[in-house]
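Participant: First, the structure itself, so that you have it in front of you.
The values are calculated or read from the model by the stated rules, or taken from the named source; none is laboratory data. None of these values were measured; they are calculated from a predicted model. Using ideal geometry, Cβ is built from the backbone for each residue, glycine included, and neighbour counts are taken over all protein chains shown.
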Amino acid sequence: MKKVVLILLLLAVVVAATLSGCRSGDGKTILTVYNWGEYISRESDTIAWRGREYEIKDVIAEFEAAYPQYKVNYQTYDDNEKMYAKLDTESYDILVPSDYMVVRLIKEGRLQELDQSRLPNVKKYLDRRLDNLTYDSDQALSDKVSNYAVPYMYCTVGLLYNQEEITPINANDPTEVWDILFDPAMDSRIGMYSSMRESIGVALNYFGYSLNTLDSGELDQAKNLLIDQRKNVRPLVGIDELKDKYVSGELLAGVVWSGDHVVCQIRLEEAQEDPDKLQYVLPKGSNLSVDMLCVPQNAANPDGAHDFINFLYEPEIALINAVYVGYSTPHTEALKGLPAEIISNLSYYPDEETMQSLEIYYSSEAIDSTYDRIWQAILAN
Amino acid sequence: MRMRRLAYPYVLWMAVFTVAPLMLVAFYALTAYDADGRLFFTLQGFRNVFATDNTVAFNLFGLADLLGFNLQVPIYINVLAKSLEIALISTVVCLLIGYPAAYILAKRSRARRGQSNFWLFLFIMPMWMNALLRTYAWLALLEPMGIVNTFLGYLGIGPFQFIYNDFGIGLGMVYNYLPFMVLPIHSVLVKISPSLIEAAEDLGADSTRTFLRVTFPLSLPGILSGINMVFMPAMTTFLIPDLLGGGRYLLIGNAIERQFMVSRDMTTGSALSILLMIFVLASMRILTKYEQESSEGGLLA
């Protein structure tokens, strides 16, 4: 008898916990946003960037003020794969996966189609070039991406280096550009991302191979290169924590998303140092990656999710985020507010020709499992 | 009869939080879903753990470099070996530092019978703080441009690479687990009756002999449980290698976490967990056997 009571009590607690998930105490509907770390403006501040001053606001607070019916529950991740792993057990209203992960989620039926009529700002301001990129080897699937996801920010993957310590690299040949990453003389002064695709991708690009190759010979070469690097160059591996180490000079070079380079430069400017100390080169055949806003199939608050996406496309808000986050914005109006040096830099805002020279990561069962296997072997060394 | 009823909550607790999860792990390790979402029995998880098509060079304690051989082993065996290596070294260092510390603390405790021991209190105090925060503090201290290196820079030495290597991980482990070695040894040492030591001295043993023949054998149970308390968590931790290893280390704890969180392969992850559990149980078994044997020697009887 007692056991039954206990089990009922336990059930009651569990049910109560699930139900209370959708509403907060003050009758507002919860909107759960799951985004990359340091990927939305969360502070009120003035940022000086290339001689211009920008007023930054807390975008989440602004949203809650503009839409008082919602209360935002904001959470962050630093790896597409880690985000994916949480989807089985948690319910989110907004996700911001990278392109290849969006394709994977669409394939698995985990995303819902967006109601474009509720996203007037997106229709008005989105740079349509990003819709026309090829996101999958299957063109039909690639075309479907724009029905499910709205680009939030995009970036390229390139080499950041400290030009006070390293001779300038004037090349876009991948072997020449990436060479410094594998130089034992740079022991412990190199930064690498802990994410799988970026690491293996750089090694493949170094040899001039496709970032989506399934050729086991090419993959083995990339694997051995990275294993040797871990032994002889001992790079520091991380995500957001690396930025401050480039700024302080602890790390001299590393693989970065173009947006992280911009953030490093802004931090240097803030510290009254020369931002051009840290340079960025984009090799041919490297990666272009688009992080997209999308709404999972099991979202508890899809209405709020649409309002949130539309709000992020308000020109003023998009500009704040573009300045704070530093990544390239797909918002045609916000773009005009950015410093001229930034918009004209082809490494951040590639023209048609540069875009053609870059490659987007693809996702398929074969690619996902093969790359994961190689990555484990690299980590185990 | 009454006692048995008092035990019910504990039995329930263990059933829900120990036995059930263990059975779940075993269940996951032996099953997988096929393409249509149907559950089926499989040994694929264990096959993946011992897969010979994905191998790395085995280099326990740097032996391969030293002796110049090249042995290819399945990646998880290497991961397990590497974890074992770091856990063993940390345990030995903890014991070497911890035993004298416990000895000194016990002496002080005995000297001021009844009063609380201020030094023991100082020893335990850092444990009030979360292990994650303490480990972050080490990061700030020992970074290449951290506090210690900046200070050494003023003296004209360094900078030294303290962290993001074996040394850093070992330091983090020893720091975090040292109290677990000191406390059990200390509590055994304070209980040794002074009359035994006096008797040894009366019978003509000098202090070294007294220590080796009386104090040390009597403190063995404390040492064994200290080893238990340090070795097991050191073997399974994934937090310390993640932070102090600069993200470069894959120890068995990280490997299991990765299988669940990133690769999404619950079957292999559970199989790895089972392998680790068997390993830990086996080492515990060896330790208890040793403990029994040493007590059968008559010293503790």
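Participant: Select, from B:GLY222, B:GLY204, the only residue that is of a type outside the set (A, V, I, L, M, F, W, C), exposed (fewer than 15 other Cβ atoms within 10 Å of the Cβ) and at pLDDT 85 or above.
Facilitator: Selected residue: B:GLY204, the only one of B:GLY222, B:GLY204 that is of a type outside the set (A, V, I, L, M, F, W, C), exposed (fewer than 15 other Cβ atoms within 10 Å of the Cβ) and at pLDDT 85 or above.
Participant: Follow-up. Looking only at the stretch B:30-54, count how many residues are of a type in the set (S, T, N, Q), under 29 Å from A:LYS231 (Cβ atoms) and part of a loop (DSSP other than H, G, I, E, B).
Facilitator: So the first thing to find is which residues in the stretch B:30-54 are of a type in the set (S, T, N, Q), and the list is B:31, B:42, B:44, B:48, B:52, B:54.
Then drop every residue that is not under 29 Å from A:LYS231 (Cβ atoms), which leaves B:48, B:52, B:54.
The next check asks that each one be part of a loop (DSSP other than H, G, I, E, B); those that pass are B:52, B:54.
Selection size over the stretch B:30-54: 2.
Participant: Please verify whether the stretch B:89-97 includes one or more residues that are modelled with pLDDT of 80 or more, within 17 Å of B:SER270 (Cβ to Cβ) and buried (at least 16 other Cβ atoms within 10 Å of the Cβ).
Facilitator: There is no residue in the stretch B:89-97 that is modelled with pLDDT of 80 or more, within 17 Å of B:SER270 (Cβ to Cβ) and buried (at least 16 other Cβ atoms within 10 Å of the Cβ).
Rundown of residues vs (1) within 14 Å of another protein chain (Cβ to nearest Cβ); (2) in contact with a helix residue (DSSP H, G or I) (Cβ under 6 Å, 6 or more places away or on another chain), yes/no style:
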residue: A:CYS155; (1), (2): no, yes
residue: A:THR167; (1), (2): no, no
residue: A:PRO184; (1), (2): no, yes
residue: A:ASP187; (1), (2): yes, no
residue: A:GLY201; (1), (2): no, no
residue: A:SER216; (1), (2): yes, no
residue: A:ASP220; (1), (2): yes, no
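Participant: In addition: Give me the pairs: first residue in the stretch A:230-242 and within 8 Å of chain B (Cβ to nearest Cβ), second residue buried (at least 16 other Cβ atoms within 10 Å of the Cβ) and of a type in the set (Phe, Trp, Tyr), beta-carbon distance under 7 Å, and six or more apart or on different chains, which are they?
Facilitator: Hits for this filter: A:LEU236/B:TYR164.
Participant: Assess whether A:VAL290 counts as being crowded, with 21+ Cβ neighbours inside 10 Å, farther than 26 Å from A:THR32 by Cβ and of a type in the set (Val, Ile, Thr). Let's see the steps before the verdict.
Facilitator: Values: crowded, with 21+ Cβ neighbours inside 10 Å: yes; farther than 26 Å from A:THR32 by Cβ: no; of a type in the set (Val, Ile, Thr): yes.
No, not satisfied.
Participant: Ok, one more. Going by what's in this entry, would B:THR267 be described as of a type in the set (Ser, Thr, Tyr), closer than 19 Å to B:VAL190 by Cα and touching a residue at least 12 places away in the same chain (Cβ under 8 Å)? Talk me through it step by step, then tell me what you get.
Facilitator: Working: of a type in the set (Ser, Thr, Tyr): yes; closer than 19 Å to B:VAL190 by Cα: no; touching a residue at least 12 places away in the same chain (Cβ under 8 Å): yes.
For B:THR267, the condition - of a type in the set (Ser, Thr, Tyr), closer than 19 Å to B:VAL190 by Cα and touching a residue at least 12 places away in the same chain (Cβ under 8 Å) - is not met.
Participant: Which number in (1) touching a strand residue (DSSP E or B) at 6+ places or on another chain (Cβ under 6 Å); (2) closer than 28 Å to A:THR354 by Cβ marks the one condition that A:ARG267 misses?
Facilitator: (1)
Participant: Mind listing whichever residues of the stretch A:37-83 are within 14 Å of chain B (Cβ to nearest Cβ), touching a Ser or Thr at 6+ places or on another chain (Cβ under 9 Å) and at pLDDT 90 or above?
Facilitator: none
Participant: Report, by residue number, each residue of the stretch A:341-381 that is without any contact (Cβ under 8 Å) to a residue 40 or more places away in the chain and among the aliphatic types (A, V, I, L, M).
Facilitator: A:ILE343, A:LEU379, A:ALA380
Participant: Looking only at residues that are within 14 Å of chain B (Cβ to nearest Cβ) and at pLDDT below 90 in the stretch A:336-374, which one is farthest from B:GLU85 (Cα to Cα)?
Facilitator: Going through the qualifying residues, I end up with A:SER363.
Participant: Tell me, which residue of the stretch B:55-87 that is in a loop (DSSP other than H, G, I, E, B) and surrounded by 15 or more Cβ atoms within 10 Å (Cβ to Cβ) is modelled with the highest pLDDT? So that I can check it myself, show each step before the final result.
Facilitator: In the first step, residues of the stretch B:55-87 are kept if they are in a loop (DSSP other than H, G, I, E, B); the result is B:58-59, B:68-71.
From the residues that got through so far, the ones that are surrounded by 15 or more Cβ atoms within 10 Å (Cβ to Cβ) too are B:58-59.
Working: B:PHE58: 78, B:ASN59: 74.
My answer is B:PHE58.
Participant: Hey, among the residues in the stretch B:139-158 that are outside any helix (DSSP H, G or I) and within 18 Å of B:GLY245 (Cα to Cα), which one's farthest from the other protein chains (Cβ to nearest Cβ)?
Facilitator: Ranking the candidates gives B:GLY146 first.
Participant: Which helices (runs of 4 or more DSSP H) does the stretch B:164-265 wholly contain that include 2 or more residues that are within 14 Å of chain A (Cβ to nearest Cβ)? Steps first, answer last, please.
Facilitator: Working: elements: B:166-191, B:194-202, B:207-210, B:216-236, B:239-244, B:252-261.
Hits in the stretch B:164-265: B:166-191, B:239-244, B:252-261.
Participant: Given (1) in a helix (DSSP H, G or I); (2) within 14 Å of chain A (Cβ to nearest Cβ), where does B:TYR290 come up short, assuming only one miss?
Facilitator: Single failed check for B:TYR290: (2).
Participant: Could you count how many residues in the stretch A:308-333 are out of contact with any Leu (no Cβ under 9 Å at 6 or more places or on another chain) and small (Gly, Ala, Ser)?
Facilitator: Residues flagged as out of contact with any Leu (no Cβ under 9 Å at 6 or more places or on another chain) and small (Gly, Ala, Ser) within the stretch A:308-333 amount to 1.
Participant: I'd like to know if the stretch A:111-121 contains one or more residues that are in contact with a Leu (Cβ under 7 Å, 6 or more places away or on another chain), basic (Lys, Arg) and outside any strand (DSSP E or B).
Facilitator: no
Participant: Name every residue in the stretch A:328-356 that is in contact with an Asp or Glu (Cβ under 6 Å, 6 or more places away or on another chain) and surrounded by fewer than 16 Cβ atoms within 10 Å (Cβ to Cβ), in order of residue number.
Facilitator: Of everything in the stretch A:328-356, just one residue is in contact with an Asp or Glu (Cβ under 6 Å, 6 or more places away or on another chain) and surrounded by fewer than 16 Cβ atoms within 10 Å (Cβ to Cβ), namely A:THR332.
Participant: Among the residues of the stretch B:32-51, are any closer than 24 Å to B:VAL280 by Cα and touching a Pro at 6+ places or on another chain (Cβ under 6 Å)?
Facilitator: yes
Participant: What do you reckon, is B:ILE77 over 15 Å from B:VAL190 (Cβ atoms) and either within 14 Å of chain A (Cβ to nearest Cβ) or touching a residue at least 24 places away in the same chain (Cβ under 8 Å) (or both)?
Facilitator: So B:ILE77 fits the description; yes.
Participant: Give me a count of the residues in the stretch B:37-67 that are over 26 Å from A:ASP220 (Cα atoms), free of Cβ contacts under 8 Å to residues at least 24 places away in the same chain and more than 14 Å from every other protein chain (Cβ to nearest Cβ).
Facilitator: Residues flagged as over 26 Å from A:ASP220 (Cα atoms), free of Cβ contacts under 8 Å to residues at least 24 places away in the same chain and more than 14 Å from every other protein chain (Cβ to nearest Cβ) within the stretch B:37-67 amount to 7.
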